[in-house]
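Participant: Attaching a single structure in structure tokens format; questions to follow.
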Amino acid sequence: MAKKRASGRKTTGAPTPGRQAKPTGAKLTGAKATGTKTTGTKAPAPWTTTEVTEAFRRFRAAQPEPKGELEHVDPYTLLIAVVLSAQATDAGVNKATPALFAAANTPAKMVALGEAKVADYIKTIGLFRTKAKNVIALSQRLIDDYGGVVPPSREALETLPGVGRKTANVVLNIAFGEPTIAVDTHIFRVGNRTGLAPGKTPFEVEEKLLQVVPDEFKRHAHHWLILHGRYVCVARRPLCEKCLIADLCRYPAKTLPVPA
């Protein structure tokens, strides 16, 4: 009588009892990046118009004229400072730019200074070699295409080397008073964690904020939110006990026992 042969089929990827299969190649999205927790419950209710208005009313009452923290004297030096701030802190940029701007505070002077010397001035900033190259290239482009003047147009700004949507939004807002909202790491976190403007990408958060923030607050919304994320709604442990909008926030793991 012939013996039965094993099927020969391999069981690959199936978890053994009591163990979960470990996903391969899966990216963590949303929760870890923004400090939110997925609890299996339904998504929190969106903020009402009244709640959004109240939140920004409080921000305005606490700081009527918020300012960006990058040191600059005009649209050109602002543009350069924002380009240098990518993947760097404002404080770090502010340590390097006074000497740089003393040597070259116009596109023509920057081009004359040259890439090597620019790199030497900003060598304490991350990615300084790439940034020095972009600073020279964008300065030359300003001379060639815009008469040495920073253009007040998103489309034009985004054609400059080293300038993306976030940088363009910052320049348009601070230098030209446009009601743009530049979504950086801090604003992305605040928008998602609080439930004010949830989104999977910075652009989605930006679009949501532009929809929900009342027009009267849009001029300074970028500054209020970035400062809130930088000093209160911080990444590791949000300081809910100091938060102006804790009672409005939808974050399910607030660090205070009762709403502020």
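The values are calculated or read from the model by the stated rules, or taken from the named source; none is laboratory data. None of these values were measured; they are calculated from a predicted model. Positions of Cβ are backbone-derived with ideal geometry, glycine not excepted, and every protein chain shown enters the neighbour counts.
Participant: Take segment 177-212 and flag every residue that is part of a loop (DSSP other than H, G, I, E, B) and in contact with a Cys (Cβ under 9 Å, 6 or more places away or on another chain).
Facilitator: GLY195, LEU196
Participant: What pairs can you find where one residue is in segment 118-142 and outside any loop (DSSP other than H, G, I, E, B), the other is acidic (Asp, Glu) and surrounded by fewer than 18 Cβ atoms within 10 Å (Cβ to Cβ), and their Cβ atoms are less than 7 Å apart, with a gap of 6+ or different chains?
Facilitator: Close Cβ pairs (under 7 Å, with a partner that is acidic (Asp, Glu) and surrounded by fewer than 18 Cβ atoms within 10 Å (Cβ to Cβ)) amount to ALA132/GLU115; LYS133/GLU115; ILE136/GLU115.
Participant: State all residues of segment 89-108 that are surrounded by 13 or more Cβ atoms within 10 Å (Cβ to Cβ) and out of contact with any Leu (no Cβ under 8 Å at 6 or more places or on another chain); if no residue qualifies, say none. Lay out the reasoning, then the answer.
Facilitator: Here is the first cut: in segment 89-108, the ones surrounded by 13 or more Cβ atoms within 10 Å (Cβ to Cβ) are 89-90, 92-97, 100-101, 103-108.
If the condition is that a residue be surrounded by 13 or more Cβ atoms within 10 Å (Cβ to Cβ) and out of contact with any Leu (no Cβ under 8 Å at 6 or more places or on another chain), then THR89, GLY92, LYS95, LEU100, PHE101, ASN105, THR106, ALA108 are the ones that fit.
Participant: Show the residue pairs meeting these rules: Cβ distance below 6 Å; 6+ apart or different chains; first residue within segment 63-77 and at pLDDT 95 or above and outside any loop (DSSP other than H, G, I, E, B); second residue of a type in the set (A, V, I, L, M) and surrounded by 12 or more Cβ atoms within 10 Å (Cβ to Cβ).
Facilitator: Final answer for the pair search is PRO75/VAL150; PRO75/ALA175; TYR76/VAL150.
Participant: Within segment 157-167, is there a residue that is outside the structural domain of PRO107 (by TED's automatic domain parsing) and under 21 Å from LEU84 (Cα atoms)?
Facilitator: no
Participant: Say we look at segment 30-45 and pick out the residues that are within 26 Å of TYR231 (Cβ to Cβ) and part of a loop (DSSP other than H, G, I, E, B); which of these is modelled with the lowest pLDDT?
Facilitator: GLY30
Participant: Here is a list of conditions, (1) outside any loop (DSSP other than H, G, I, E, B); (2) surrounded by fewer than 23 Cβ atoms within 10 Å (Cβ to Cβ); (3) without any contact (Cβ under 8 Å) to a residue 40 or more places away in the chain, and ILE174 meets all of them except one; can you say which number that is?
Facilitator: (3)
Participant: When segment 199-226 is examined, which residues are found to be touching an Asp or Glu at 6+ places or on another chain (Cβ under 8 Å) and either over 24 Å from ILE80 (Cα atoms) or at pLDDT below 95 (or both)?
Facilitator: Quick first cut of segment 199-226, residues touching an Asp or Glu at 6+ places or on another chain (Cβ under 8 Å) only: 199, 202, 220, 226.
Across segment 199-226, the qualifying residue is only GLY199.
Participant: State all residues of segment 56-74 that are within 30 Å of ARG141 (Cβ to Cβ) and within 20 Å of the chain's Cα centre (by Cα); if no residue qualifies, say none.
Facilitator: LYS67, GLY68, GLU69, LEU70, GLU71, HIS72
Participant: Return the pairs, sorted by first residue and then second, in which the second residue is surrounded by fewer than 14 Cβ atoms within 10 Å (Cβ to Cβ) and not aliphatic (A, V, I, L, M), the first residue lies in segment 87-103 and is in a helix (DSSP H, G or I), the beta carbons are less than 7 Å apart, and the residues are 6+ apart or on different chains.
Facilitator: As it stands, the answer is GLY92/THR124; LYS95/THR124; ALA96/THR124, since those pairs meet every condition given.
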